[in-house]
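The values are calculated or read from the model by the stated rules, or taken from the named source; none is laboratory data. What you see is a predicted model, and the numbers here were worked out from it, not measured in a lab. Reconstructed Cβ throughout: ideal geometry from the backbone, glycine too, with neighbour counts over all protein chains shown. Only protein heavy atoms, including side chains, enter the accessible area calculation; ligands, DNA and RNA are left aside. Shrake-Rupley method; radii C 1.70, N 1.55, O 1.52, S 1.80 Å.
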Amino acid sequence: MNRYKKLVPGILLALSIATAGCQKPEAFTPSAEKDGINTLTAYFLDDTRSENVFQAEIDHDKRTISVVFPYNYPRTSYDVLPMSALSKVKVIAEIDNNTTIEPALGIMDLTKEQTLTITTPLKEKKQYTIVGVIRKNNEAMIKEFTVADPKISGIIDESSKTIALVHSGEIGLQNATVVTSHGATLDPDPTTTPIDFDAEPKITVTAQNGTDKSVYTIVKRVPPKVDRGIREGSGKLLWAKSLQSDLGIAELHLTGGIAYSDGKVIVNTRNQPSIILNAKNGEKLGTITTMSGIVGGLTNFYSTSDAGGHILVNNLAPGGGTFKVWCMKDVNSTPEVLIDWSGSGGYAVGRKVSVAGDITKDALITAVIHGDKARFARWQIKDGQLLSQTPDLVLSNALTGAWWNNSDVVYSDPTNPASDYFMAAYAPPRRIGWIDGTTHNRKANGPEISGNWIMNAVDYVPFNGAAYAATSSINSFTWGSDDIVYLHDASTPESFSEPIWKSKNGVFGGKDNGGQNANGTGDVLLQVSEDGYYLYLFFMFTNGQVACVQFDCIDK
């Protein structure tokens, strides 16, 4: 479980967005009447959690502002939020031009009603009553639904309130694993009472508030897919966790990579065992206790994973020493040496490692040789066997100079060393590149990234008849705004030039969270669900947050 800070109502942090009467509004003649105030948001003091954002409900007819706080905080805990926690909160608002608020916003006591006077652009004075309210969760949703035999993850269609189990045979009477809206209850509850899933059962979800309800029907069917790739507009942020406040990683600069294994995200952090998260909600599940022998210093430097969910951990050989890659089949297994190589010729190896394919079948493992032109090492696995500890050394023509420390390469076809590969690097031309695997020339490029920001991670995966590549750009300074993840359609060179999705700027990075990401590090990881209906984009910014975005190909 996560460790959360206790709320300290007595701590003050002065911040005000408006000071009524201190400045005369400029002359302005509005073309239409406006309400003056558009949104109002409250925050707890001295709380760095990403969920520390509380929106107000503004009723302009009744002139009321209700700032809504959850019954449980943190929202996924069962800690009851006391009304006293609302006695000193920071309040900000979005207002129209030439609008004033009296008294000025800042630190407010929302345990009791107060009056705000809004002077609109038309010089009309409106009095609003503002107060904080604590509400039980009114959401009545099933968010995950899984049966074990056969293992099927239900595809949830909120518009029709159906949960599709993709299976043509009998499923029968059994229990299910269910994730609901926080605090909701189920009737019948398949987590405790077996249900006949061949009979299209209905499940009633009652929200925490005891009033709002939803009824889901469990059906067996194969949902239709869009013709190709992801469904437009389906991308949504499932979760985001602060490395420091949510996961308890106190040391800065030491989280370098992420991996995926059997529904879990693994966050590598060098001086302690890797942290295990639930891939669906980001909740901390514990640590990999079996890897104590390789923890510390430059040994447990980076982690990645293959298509089969095997976790790879590697060291950093900073001066051309022995480069090692350990493999774990899951979070409970002991690391075993897979690669042991010392032939980099005095150059550093190990800041990033990528895997295409499954190491128990066919795979290509790549590691950039830093500072040596644009060379990278490539190991091939065929039928589960590493062909040689000595890799092929590949010289790419895709850069105008040598690699810097920040670079990554991943192949598109794990069975073919001559297949195309994708490259991200902080080196000119500073664009995510689609590279011809035979000529090693660029076949297509993403947009140019400013030299102020650092690209250093890339991943690739086929999905629903299309293909996708992800990368990120990172702000390593204490100034400026970046830290963005990009998803590209890698189906054709023409579709590759501009990202089809990107994350919000200045939200997830170190500068905006734990502190300056001085090494300019982070990671991206693409994962397709077992049923082939969902594409997950996991990403992490060192000193910032680790997050998950979900896309789907369901034709709704």
Legend entry - Computed E for Val133/Thr492 - FRET, C-beta separation, R0 45 angstrom, nearest 0.05: 0.30
Legend entry - Computed accessible area, Thr400, all protein chains, 1.4 angstrom probe, square angstrom: 120
Inset, instruction - Leaving ligands, DNA and RNA out of it, report the carbon-plus-sulfur percent of the accessible area of the stretch 415-467 at a 1.4 Å probe. - result: 46
Inset, instruction - Could you tell me which GluC sites (Glu not before Pro) in the stretch 194-299 are loop residues by DSSP with no more than 10 other beta carbons within 10 angstrom of their beta carbon? - result: Glu232
Legend entry - Share of Cα-Cα pairs in the stretch 145-294 lying beyond 28 Å, as whole percent: 38
Inset, instruction - Enter the mean projected area of the convex hull around the alpha-carbon atoms of the stretch 172-222, in nm², rounded to one decimal. - result: 3.7
Inset, instruction - Give me the distance in nm between label points sitting 7 Å out from Cα along the Cα-to-Cβ direction at Asp531 and Glu170, one decimal. - result: 2.2
Legend entry - Two-site label geometry, Arg228 and Glu448: point separation in nm, points 7 Å out along Cα→Cβ: 3.0
Legend entry - Over the chain, relative contact order from alpha-carbon pairs under 8 Å, at least 6 apart, %: 9
Legend entry - FRET efficiency, Glu124 to Asn332 (Cβ-Cβ, R0 60 Å, nearest 0.05): 0.35
Inset, instruction - Skip the ligands, DNA and RNA, and give the accessible area per residue of the chain with a 1.4 Å probe, whole Å². - result: 43
Legend entry - Cβ-based net charge around Gln380, under 15 Å, with every Lys or Arg adding one and every Asp or Glu removing one: -3
Inset, instruction - With r as the distance between the Cβ atoms of Ala518 and Ala104 and R0 = 56 Å, compute the FRET efficiency 1/(1 + (r/R0)^6) and round to 0.05. - result: 0.90
Inset, instruction - Would you mind working out the magnitude of the charge dipole of the stretch 330-410 relative to its Cα centre, with +1 at each Lys and Arg C-beta and -1 at each Asp and Glu C-beta, to the nearest 20 Debye? - result: 340
Inset, instruction - Order these peptides, 432-438, 128-134, 74-80, by their mean beta-carbon neighbour count within 10 angstrom, highest first. - result: 432-438, 128-134, 74-80
Inset, instruction - Within the stretch 457-492, report the chymotrypsin sites (Phe, Trp or Tyr not before Pro) that DSSP leaves as loop and that have at most 10 other Cβ atoms within 10 Å. - result: Trp479
Inset, instruction - Any lysines with Cα under 29 Å of the Lys556 Cα? List them, leaving off those in the same chain fewer than 8 positions away. - result: Lys143, Lys151, Lys161, Lys202, Lys213, Lys220, Lys225, Lys236, Lys264, Lys280, Lys502, Lys504
Inset, instruction - Provide the net charge surrounding Pro429, with neighbours chosen by a C-beta distance below 12 Å and charges set as Lys +1, Arg +1, Asp -1, Glu -1. - result: +2
Inset, instruction - Enter the per residue convex hull volume of the chain, computed from alpha-carbon coordinates, in Å³ rounded to the nearest integer. - result: 179
Inset, instruction - In vacuum, with every alpha carbon of the stretch 105-223 counted as one equal point scatterer, what does the Debye formula give for log10 I(q)/I(0) at q = 0.17 Å⁻¹? Two decimals, please. - result: -0.81
Inset, instruction - Give the carbon-plus-sulfur fraction of the accessible surface of the stretch 238-369 in %, rounded to a whole number; probe 1.4 Å, heavy atoms of protein chains only. - result: 46
Inset, instruction - Output the peptides 218-228, 261-271 sorted from most to least packed, where packing is the average of other Cβ atoms within 10 Å over each peptide's residues. - result: 261-271, 218-228
Inset, instruction - Report P(r) for the stretch 61-167: all Cα-Cα distances, bin width 10 Å, range 0 to the bin holding the largest distance, values in whole percent. - result: 12, 28, 21, 18, 14, 6, 1
Legend entry - D (Stokes-Einstein, µm²/s), Kirkwood Cα radius, the stretch 297-359, 0.692 mPa s at 37 °C: 277
Inset, instruction - Rounded, prolate or oblate: pick one for the stretch 453-506, where a ≥ b ≥ c are the square roots of the eigenvalues of its C-alpha gyration tensor, a/c under 1.5 means rounded, and failing that, prolate if a/b is larger than b/c, else oblate. - result: prolate
Legend entry - Net charge of neighbours whose Cβ lies under 14 Å from the Cβ of Trp239, counting Lys and Arg as +1 and Asp and Glu as -1: +4
Inset, instruction - Write down the Kirkwood hydrodynamic radius of the stretch 361-434, to one decimal in angstroms, obtained as one divided by the mean of 1/r over all alpha carbon pairs. - result: 12.6
Inset, instruction - Pick out, from Pro462, Ser168, Asn268, the residue whose Cα sits farthest towards the positive end of the charge dipole of the chain, with +1 on the Cβ of Lys and Arg and -1 on the Cβ of Asp and Glu. - result: Asn268
Legend entry - Nearby lysines by direct alpha-carbon distance to Lys34 (threshold 21 angstrom, same-chain neighbours under 8 apart not counted): Lys24, Lys62, Lys123, Lys125, Lys126
Inset, instruction - Quick one: pull the percentage of alpha-carbon pairs in the stretch 236-390 with a separation above 20 Å. - result: 48
Inset, instruction - Within the stretch 434-540, list the GluC sites (Glu not before Pro) lying in a DSSP loop whose Cβ has at most 14 other Cβ atoms in a 10 Å radius. - result: Glu448, Glu530
Legend entry - Contour excess over end-to-end distance, with Cα ends at Asp46 and Tyr78 and 0.36 nm allotted per residue: 9.4 nm
Legend entry - Quotient of C-alpha Rg and 2.2 N^0.38 Å, computed over the stretch 388-520: 1.08
Legend entry - Nitroxide proxy distance, nm - points 7 Å out along Cα→Cβ at Lys151 and Thr217: 3.0
Inset, instruction - Calculate, in nm to one decimal, what Ser87 and Phe477 gain on full extension: separation in residues at 0.36 nm each, minus their alpha carbon distance. - result: 136.8 nm
